[in-house]
Amino acid sequence: MTGMTGYEMFWPIIAQAALVYLLYMLLGYRRRKMLKSGKVRASDYRENRGEPTESLIVKNSLANQYELPVLFYACCILLYMTEADNLIALVLAWIFVALRYVHAFVHVTSNDLRYRSPLFAAGYVVLGAMWVWLAVWMMFPNG
């Protein structure tokens, strides 16, 4: 299998980055809602005196986007650079991103670990497969 002909590998990266932006917007929305309701004061956020659960779960989900996804970004770029960004790599990348979206949705809604943990684990495994694909590709670059 040869590398893709264009920039297909960057679309999953863009989609993952979009998730980060969506979560920032949701965090801002929930924080404004807490301020308007009087449950918190602006100084509570400024001085980090605590975060209501409604916005804390979004903040935690957002922080989670800077864990495994950092390895995802690096892997995608390396796959592209080594021309290992073929259909297998692309499908794995999209599966990872889809799992991150579903994981984030569960995280900011029910936050039910019965669903969230397996989704995280599946993303972990898929990302691991991407790194294995990269390593195998580099060990056997001509076939």
Nearest 10 degrees, 0 to 90: helix 113-139 Cα axis against the chain principal axis
30 degrees
So, in nm, how far is label ALA135 from label ALA121 when the simple model puts each one 7 Å beyond its Cα toward the Cβ?
2.1 nm
Neighbour-count order for LEU90, LEU127, fewest beta carbons within 10 angstrom listed first
LEU90, LEU127
For segment 48-120, place one equal point scatterer on every Cα, skip the solvent, and apply the Debye formula. What is log10 of I(q)/I(0) at q = 0.23 Å⁻¹?
-1.00
Please determine, in degrees from 0 to 90 and to the nearest 10, the orientation of helix 53-64 with respect to the longest principal axis defined by the Cα atoms of the chain, where the helix direction is its Cα long axis.
20 degrees
Let me check I've understood the local charge: for PRO12, count other residues with C-beta under 14 angstrom from its C-beta, Lys and Arg +1, Asp and Glu -1. What total comes out?
-1
Estimated distance in nm for a label pair at ALA98 and TYR66, the labels positioned 7 Å out from Cα along Cα-to-Cβ:
2.9 nm
If you fit an axis through the alpha-carbon atoms of helix 10-37 and take the longest principal axis of the Cα set of the chain, what angle between them do you get, 0 to 90°, nearest 10?
0 degrees
May I ask you to give the average projected area over all directions of the convex hull of the Cα atoms of segment 1-70, in nm² rounded to one decimal?
6.0 nm²
Report the full-extension gain for the segment MET81 to LEU113: residue separation times 0.36 nm, less the Cα-Cα distance, to one decimal in nm.
7.9 nm
Ratio of the Cα radius of gyration of the chain to 2.2 N^0.38 Å, where N counts its residues
1.26
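Values quoted throughout were computed directly from the atomic coordinates according to the rules given, and no laboratory measurement underlies them. Remember, predicted model here, so these are calculated numbers, not experimental data. Using ideal geometry, Cβ is built from the backbone for each residue, glycine included, and neighbour counts are taken over all protein chains shown.
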